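K.L.:
Have a look at this one.
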Amino acid sequence: MASIEQAITTLREISTEAGYISQAAAVLSWDQETYMPPAAIEGRASQQAILSALVHQRLTSDDLGTALQTLGASDATPTGNPSLAFMDSRLVRQLYRTWKQARKIPEQFIRNLAMATSQGQVAWANARENNDFAGFQPHLEKIVDLCRQKAEYLGYQGEAYDALLDEYEPGMNTTNVEGTFAALAGELAPLVTNCVRQSKNSPIDTDFLSSGFSIEGQQQFAASVMEAMGFSSERGRLDVSAHPFSTSLGRDDVRITTNWSDDLSRGLYGVIHETGHALYELGLGRELPSALASGTSLGIHESQSRLWENMVGRSREFWQHFFGRLQTIFPAKLQGKTADDLYRAVNRVQLSQVRIHADELTYSLHIMLRFRLELALMRGQLQVADLPAAWNAQAKKLLGAEPANNREGCLQDIHWSMGAIGYFPTYALGNLYGAMFMDQAATEMPKLWDNIAHGQFEPLRSWLQTNIHQHGLAKNAGELLQDICGKPLSHQSYIGYLRGKYQAAGKD
Ligand code: ZN
């Protein structure tokens, strides 16, 4: 029987190898979204298929299974033998989870799902283009069935949706999300109604932001914001893609993208959001083995991007510091404007139908809508054929109106066509986690906002790195909350933050 030491070495070797192959695959994906000529797509898809098969082989291998068994990993003891050092026990936990999940799903099923979702995405794009839900319906029916089947393969304690949610937000369950969202919805509703009424009574000027900003000037400004946030151009770069994203190609190589237009806020907040994601990846502990060297969940990742984008980037203090710099770059555009005008403009509240353009206050409502519907689909309480009507009814309830058509309603997002049911909640969870972390950061650093007003972002970045980033997957979301805030997930910090910002805004 192999020794504990040998088994750990096996785990680390497999983890390192799978990590390098994944990073190589990430380089190819990044290139595909940024510079790759369109005709290269077929060859690229084949290259990607081989790399992901190689990773899958490593992470489901019998060698890994044997090593995990030697280390005592089981459902009852996922962290393995109690004598293991902390980092080794977390490596065991992570690889046991990956190994077990991957082996539960038959290869034929993975191929069927990949086929259904790649056809589904094409059908979705056409359906959205032509506002033709009927064209997408049979594909979505198939995808929902496959997702239900996937949940059965993975197994769950409560209900099928738990298994899907757990893929994106390990440790979270449906009951918890449902309860938290219901509480949040109840408190958000009056706040939103108030703000919408307020902005009707005294309209906020946002027109001055929406055009006439040269891309060159915006890039210059964004570069100073990224630098202040602590993004090092020695360890990453910013490029352009259709949809902003961030990806890690190695320990010292994080790529982010944005999409520039002459609207100042689109490009800038895209950059701040993605820089927030990038700082997480760049802040991972050097000692983490490959399998633990990434963000711990989608929700925690979103907490980092949204915290920088909204709580910091849309704060009064941020603009107190950065307005002068912006004005130097765009003197004519901003003549007669103040930091306060900018603050108000980037925080205008408006009920709208399109999630990706939603403001900070109403954003979570868009997520709740999707969560309610995908949950009803998984529970078999809603048929795909009835989705447009159900969407419209929820939109009326949560967003005050029905969308003009399905294109702006149930066809607006790509996620379901990709089979990503269970993903949406992580966006709103990110808001909740972020607010809890910021509450704690402000308690520990009473000068936090003062620092930000003076352009000193380093104390915050460094706090986030110490408490969150460096741990990677060694701590899951629940453990981070417990260790940092001493309590489980709740909507209280977030709603407190929103009240502070938007009730105050209503008064002046
Ligand atoms: Zn994000």
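K.L.:
Using Cα positions and a limit of under 16 Å, work out the aspartates and glutamates in reach of Lys337, with same-chain residues fewer than 8 apart set aside.
P.N.:
Asp205, Asp207
K.L.:
Farthest toward the dipole's positive end in the chain, which of Asn406, Ser241, Ala125, given Cβ charges of +1 (Lys, Arg) and -1 (Asp, Glu) about the Cα centre?
P.N.:
It is Asn406.
K.L.:
I would also like to ask the following. For a quick size check, give me the Cα extents of region 199-328 along its three principal axes, largest first, whole Å.
P.N.:
For region 199-328, the Cα extents along the three principal axes come out at 54, 32, 28 Å.
K.L.:
Over the chain, calculate the relative contact order: mean separation of alpha carbon pairs under 8 Å at least 6 apart, over the residue count, as a percent.
P.N.:
19 percent
K.L.:
In straight Cα distance, which lysines are under 20 Å from Lys475, not counting same-chain residues fewer than 8 positions off?
P.N.:
Reachable lysines: Lys100, Lys487.
K.L.:
Same structure again: In a shell of Cβ-Cβ distance under 9 Å around Gly230, excluding Gly230 itself, what net charge do Lys and Arg (+1) and Asp and Glu (-1) give?
P.N.:
Summing Lys/Arg as +1 and Asp/Glu as -1 gives -1.
K.L.:
Largest first, please: the extent of the C-alpha atoms of region 54-135 along each principal axis, to the nearest Å.
P.N.:
Largest first, region 54-135 extends 60, 23, 21 Å along its Cα principal axes.
K.L.:
In units of 2.2 N^0.38 Å, what is the alpha-carbon radius of gyration of region 119-255?
P.N.:
1.56
K.L.:
Got a sec to turn the phi values of region 58-64 into Karplus ³J(HN,Hα) couplings, 6.51 cos²θ - 1.76 cosθ + 1.60 with θ = phi - 60°, whole Hz, x for Gly and Pro?
P.N.:
4, 7, 10, 5, 5, 4, 5
K.L.:
How big is the Kirkwood radius of region 40-80, worked out from every pair of different alpha carbons and given in Å to one decimal?
P.N.:
12.1 Å
K.L.:
By how many degrees, between 0 and 90 and to the nearest 10, does the Cα long axis of helix 387-399 differ from the longest principal axis of the chain?
P.N.:
Computed tilt is about 50 degrees.
K.L.:
Please give the helix 174-201 orientation as an angle from the longest Cα principal axis of the chain, in degrees from 0 to 90, rounded to the nearest 10.
P.N.:
Relative to the chain, helix 174-201 is tipped by roughly 10 degrees.
K.L.:
Under 5 Å between amide hydrogens, which residues at least 5 positions from Gly400 or on another chain qualify, with H placed 1.01 Å from N in the peptide plane?
P.N.:
Under 5 Å from the amide H of Gly400: no residue qualifies.
K.L.:
If you don't mind, there's one more thing I want to ask. Could you work out the relative contact order of region 359-508? I mean the mean sequence separation of Cα pairs under 8 Å and 6+ apart, divided by the number of residues, in percent.
P.N.:
This gives 21 percent for region 359-508.
K.L.:
Taking all protein chains as present, what is the carbon and sulfur share of the accessible area of the chain, in % to the nearest whole number, probe 1.4 Å?
P.N.:
Taking all protein chains in place, the chain shows 50 percent carbon and sulfur surface.
K.L.:
Right, another one. Once phi is turned into ³J(HN,Hα) by the Karplus curve 6.51 cos²θ - 1.76 cosθ + 1.60 with θ = phi - 60°, what whole-Hz value does each residue of region 228-233 show in order, with x for glycine and proline?
P.N.:
These are the phi-based 3J(HN,Hα) values: 4, 6, x, 7, 9, 6 Hz.
K.L.:
Can you give me the convex hull volume of the Cα atoms of region 420-506, divided per residue and expressed in Å³?
P.N.:
127 Å³
K.L.:
Can you tell me how much longer the chain between Ala114 and Gln381 gets when fully stretched, taken as 0.36 nm per residue apart minus their C-alpha distance, in nm with one decimal?
P.N.:
93.5 nm
K.L.:
Shifting gears a bit: Which semi-axes, in whole Å and largest first, does the equivalent ellipsoid of region 360-508 have when worked out from the alpha carbon gyration tensor as the square roots of 5 times its eigenvalues?
P.N.:
Output for region 360-508: semi-axes of 35, 20, 13 Å.
K.L.:
Ok, one more. Grab the alpha carbons of region 299-379, take their convex hull, and tell me the volume per residue in Å³.
P.N.:
Convex hull volume per residue, Cα atoms: 110 Å³.
K.L.:
Apply the Karplus parameterisation 6.51 cos²θ - 1.76 cosθ + 1.60, with θ equal to phi minus 60°, to every residue of region 138-147 and state each ³J(HN,Hα) to the nearest whole Hz, in sequence, with x for glycine and proline.
P.N.:
Here the 3J(HN,Hα) series is x, 5, 5, 4, 5, 5, 4, 4, 5, 5 Hz.
K.L.:
Could you state the accessible area per residue of region 23-164 in Å², with a 1.4 Å probe and every protein chain left in place?
P.N.:
Value returned for region 23-164: 53 Å² of accessible area per residue.
K.L.:
Still on this model: Run the quick spin-label model on Thr338 and Met36: label points 7 Å from Cα toward the beta carbon, then report their separation in nm to one decimal.
P.N.:
Modelled inter-label distance: 5.1 nm.
K.L.:
Under a straight-distance cross-link criterion of Cα-Cα below 28 Å, which lysines are reachable from Lys397, leaving out those fewer than 8 residues away in the same chain?
P.N.:
Cα-Cα hits under 28 Å: Lys200, Lys501, Lys507.
K.L.:
Can you find, among Leu146, Val196, Leu113, the residue farthest towards the positive end of the dipole of region 70-205? Put +1 on the C-beta of Lys and Arg, -1 on that of Asp and Glu.
P.N.:
Leu113
K.L.:
Further, regarding this structure: Once you have the Cα-Cα distance between Met87 and Thr175, take 0.36 nm times their residue separation minus that, and quote the gain in nm to one decimal.
P.N.:
The Met87-Thr175 span can extend by a further 28.6 nm.
K.L.:
Note down the magnitude of the dipole of the chain about its Cα centre, charges +1 on Lys and Arg C-beta and -1 on Asp and Glu C-beta and zero elsewhere, to the nearest 20 debye.
P.N.:
Charge dipole of the chain: 720 debye, to the nearest 20.
K.L.:
Between the helical axis of 363-379 and the dominant principal axis of the chain, each derived from Cα atoms, what acute angle in degrees is found, rounded to the nearest 10?
P.N.:
40 degrees
K.L.:
Can you tell me the Rg and Dmax of region 42-186, counting just the alpha carbons, in angstroms?
P.N.:
Computed over the Cα atoms of region 42-186, radius of gyration and Dmax are 19.0, 60 Å.
K.L.:
Between region 428-452 and region 352-416, how far is it from one alpha carbon centroid to the other, in angstrom?
P.N.:
30 Å
K.L.:
Arrange the peptides 23-30, 238-245 so that the one whose residues have, on average, the most other Cβ atoms within 10 Å appears first.
P.N.:
Result, highest mean Cβ count within 10 Å first: 23-30, 238-245.
K.L.:
What percent of all Cα-Cα pairs in the chain falls in each 20 Å bin, counting up from 0?
P.N.:
21, 57, 21, 1
The values are calculated or read from the model by the stated rules, or taken from the named source; none is laboratory data. None of the values given here were measured: they were computed from a predicted structure. A quick note on method: Cβ atoms are made from the backbone with ideal geometry, for glycine too, and the neighbour counts reach across all protein chains shown. All accessible areas refer to the heavy atoms of the entire protein, side chains included, with ligands and DNA or RNA removed. Shrake-Rupley method; radii C 1.70, N 1.55, O 1.52, S 1.80 Å.
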